[in-house]
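Engineer: Got a structure for you, questions after.
Since every read-out is calculated from the coordinates, none of them should be taken as a lab result. These numbers were taken from a predicted model, which means no experiment stands behind them. Cβ atoms come from the backbone with ideal geometry, glycine included; neighbour counts cover every protein chain shown.
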Amino acid sequence: MKRWCRVLLGLAWLTAACGETAPSPGGSPAAATDPIEILRAAAGSGDREARASLALALANGVGVVRDDAEALRLAKLAAAQGSADAQLLAGLLLREGRGTTADPVAAFRYTLAAAEQGGVDAQFALAWTFEHGIGVARNPEEAARWYRKAAEKGDLAAKRWLARAYFEGIGVPRDLTLAARWRIDAASHGDADAQAEAALSFLRGEGVLRDDSAGLRYLEDAAESDNALAAFALGALHETGARGATADPNAALAWYRRAAALGSEEARARLEAIEAGASASRRDP
């Protein structure tokens, strides 16, 4: 899961360490100011945060050659000392089989421990684990519970997942009003996928009063952020002049082309149909 890997970039402790000048084991001036050597010295002395940060650096190859096995070793040490970041990292490495044989059950245990400490990334990761049944029985209700915890702390992807859960009734009772509310919440913070989904809520009047103007505005925001679905929808609306959109063949073509460039097969098919129609008209004036 790409989203889970975000923890690998959380090197706040490492950044702070860059300004320190503690002596290194070797005692050389260069080593004394090398942040990685500072971390190694502190980690070797048992410092929990140094172990966690060095594990993160090694797992991501930041300032050092990537070494998953050593990253996992240090992450486990820091995790045993209670570091939530290290617990989450250990879970990631074990799930992916990096530096060791994949062990999804152990990965789940580490992720659960991290999530119970309240970190939003860990809570999202645990929810994803329950959703997909990785190392634990698939449990949509538990997935929804942990996604909600992450969503309530502002995580946009978790908000979008909750919206989908309420819209489809996955792990929670189906509730279009709550689905729209979470969609709009995430959309208002710039999540392009949520903007496209919020647009559909407004255009269809699902969970909110129908509002074509708001729907078009959210579609435009999403499309400008390279959401293919939104770009295709704008093309269709400008082609037909529906839902308050201005009928504009040129705008329709522009949006279809943008959607096609973003991978929309529907947009490619529509462009081919438009071109075929134009070719037929040229042959038979």
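Engineer: From Ala186, Ala276, grab the single residue that is loosely packed, with under 12 Cβ neighbours inside 10 Å, among the aliphatic types (A, V, I, L, M) and assigned to a helix (DSSP H, G or I).
Structural biologist: Ala276
Engineer: Right, here's the next one. State whether one or more residues within the stretch 227-247 are over 23 Å from Ala143 (Cα atoms) and of a type in the set (D, E, K, R).
Structural biologist: Within the stretch 227-247 (the criterion being over 23 Å from Ala143 (Cα atoms) and of a type in the set (D, E, K, R)), the answer is yes, since at least one residue qualifies.
Engineer: Inspect all residues belonging to the stretch 123-139 and state whether any of them is among the polar types (S, T, N, Q), part of a helix (DSSP H, G or I) and either crowded, with 24+ Cβ neighbours inside 10 Å or free of Cβ contacts under 8 Å to residues at least 60 places away in the same chain (or both).
Structural biologist: yes
Engineer: Please give the helices (runs of 4 or more DSSP H) falling wholly within the stretch 50-118 in which 1 or more residues are surrounded by 16 or more Cβ atoms within 10 Å (Cβ to Cβ) and within 20 Å of the chain's Cα centre (by Cα).
Structural biologist: Those helices (runs of 4 or more DSSP H) span 84-96, 104-116.
Engineer: Give the residue that is surrounded by the fewest Cβ atoms within 10 Å (Cβ to Cβ), with candidates limited to residues of the stretch 221-230 that are touching a Leu at 6+ places or on another chain (Cβ under 7 Å) and closer than 14 Å to Ala198 by Cα.
Structural biologist: Ala223
Engineer: Same structure again: Arg95: free of Cβ contacts under 8 Å to residues at least 40 places away in the same chain and basic (Lys, Arg), yes or no?
Structural biologist: Spelling it out, it is not the case that Arg95 is free of Cβ contacts under 8 Å to residues at least 40 places away in the same chain and basic (Lys, Arg).
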